[in-house]
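Data first, discussion second: the structure below is written as structure tokens.
Just so you know, all these numbers are worked out from the coordinates, no wet-lab data involved. Since the model is a prediction, treat every value here as computed from it, not as a measurement. Here the Cβ is made from the backbone with ideal geometry for all residues, glycine too, and neighbour counts use every protein chain on show.
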Amino acid sequence: MLLVLCVIAAATSPYFLTWDNIRDILTDTSVNTIIAVGMTFVIVIAGIDLSVGSVLALSSVVLGWAAITHGIPTPVSIVLCLFTGTVCGLVNGSVVVRWSVPSFIVTLGMMFAARGLTLLITHSERVSTFPRFFQIIGTGEVPVVHIPMPAVVAVGTVVAGHVLLTRTTFGRYALAIGSNEETARLSGLNVKLIKLLVFAGCGFATGLAAVVNTSRLDAAIPTSGAGFELEAIAAVIIGGTSLMGGKGTVIGTFFGALIMGVIRNGLNLHDTPDHIRMIVIGVVVVLAVVIDFYRRETR
């Protein structure tokens, strides 16, 4: 699907295959890729996390509030940003495993709570002008090869997620829980702990995405992250992870994110209005769910 989209985009626009445009695609998809890696683990255990967009905004403003407003050293502020995302994930996971509340409901509540807290902290105003060395994370490039730093962070996250899912007992346990949670529990797995760690990991990935996004924009914007949860879910499902859990790959998620990026970039090259782009992305999300249904039916 990715190759077909690239061929179509290249045939309809002479600018698509230029290095500047490819670099833009890699940069633009980096934040979604990082979030989607964490989302993959959540969906693998048959859960969902609708709060990642709001948690990204909250983590971002904590970074700006600490580094700019209160003068805390930027490296420490980055740690606080990652910590904020992780804590939000832990809260989601704790409610899910303690009271057996569906993750859809829990993360929906976190989505509203985190967004409200974000607006409260910032009084609905952005925090901007970070140190130059921090901006390199979102706007810098690897010398010689000129690969954007956000893409490097995203690929590193994909590699780490792939190894964790396919080469560790934790990853195998997560797949087992998604396939049949009761069987996993009867087999002696600590299901609650693994689910808690999965949600915490998704929160950490969201915090990392917040660092990259804040660096790219050179600003912590309280309204940022809107709709990111849907794009991350779409990337995960397009990449082959089943919404029913128990099946999925991080590498597939990476290609799913690239597909979303190519679609958006191709529409931008043709000056497609924003409302049309939103319609197309919405259709892609629905098609991803339909494709997942037929994949399960034919297994």
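Overview of values
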read-out: Gaussian network model of the chain, springs between alpha carbon atoms under 10 Å - residue of 86, 241, 129 with greatest fluctuation; value: 129
read-out: Long-range HN-HN contacts of residue 48 with modeled amide H, under 5 Å; value: 103, 104
read-out: Translational diffusion coefficient (Stokes-Einstein; Kirkwood radius from C-alpha pairs) of region 145-211 at 25 °C, 0.890 mPa s, in µm²/s; value: 183
read-out: Difference of contour (0.36 nm per residue) and Cα-Cα distance, residue 167 to residue 94; value: 23.7 nm
read-out: Choice from 116, 225, 207 showing the highest fluctuation, given a GNM over the chain with Cα pairs closer than 10 Å; value: 116
read-out: Calculated diffusion of region 70-145, Stokes-Einstein form, Kirkwood radius summed over Cα pairs, 25 °C and 0.890 mPa s, µm²/s; value: 161
read-out: Whole-percent pair-distance distribution, where bins are 10 Å wide, for the alpha carbons of region 1-151; value: 10, 29, 30, 22, 8, 0
read-out: Region 108-224: equivalent-ellipsoid semi-axes (sqrt of 5 x gyration tensor eigenvalues, Cα, Å); value: 34, 23, 8
read-out: Extension gain from residue 218 to residue 186, taking 0.36 nm per residue of separation minus the Cα-Cα distance; value: 6.6 nm
read-out: The chain - percent relative contact order, Cα under 8 Å, separation 6 or more; value: 34
read-out: Ratio of the Cα radius of gyration of the chain to 2.2 N^0.38 Å, where N counts its residues; value: 0.98
read-out: Three semi-axes of the equivalent ellipsoid, region 162-275, Cα gyration tensor, whole Å, largest first; value: 32, 18, 12
read-out: Among 234, 36, 160, residue whose mean-square fluctuation peaks in a GNM of the chain (springs only between Cα atoms under 10 Å); value: 160
read-out: Relative contact order (%) - region 160-258, alpha-carbon pairs under 8 angstrom, separation at least six; value: 29
read-out: Value of Rg/Rh across region 115-174 [Cα atoms, Kirkwood radius]; value: 1.19
read-out: Dipole moment magnitude, nearest 20 debye, the chain about Cα centre, only Lys, Arg, Asp, Glu C-beta charged; value: 740
read-out: Column: log10 I(q)/I(0), Debye, Cα scatterers of region 1-58, q = 0.23, 0.27 Å⁻¹; value: -0.91, -1.05
read-out: Distance between modelled label sites at residue 128 and residue 279, nm, 7 Å Cα→Cβ extension; value: 3.3
read-out: Full-extension gain in nm, residue 3 to residue 22, via 0.36 nm per residue minus C-alpha separation; value: 5.5 nm
read-out: DSSP H segments from the chain that extend 24 Å or more along their own axis, Cα-based, with Kyte-Doolittle mean of 0.0 or above; value: 19-44, 74-99, 103-122, 149-166, 191-217, 250-269, 274-298
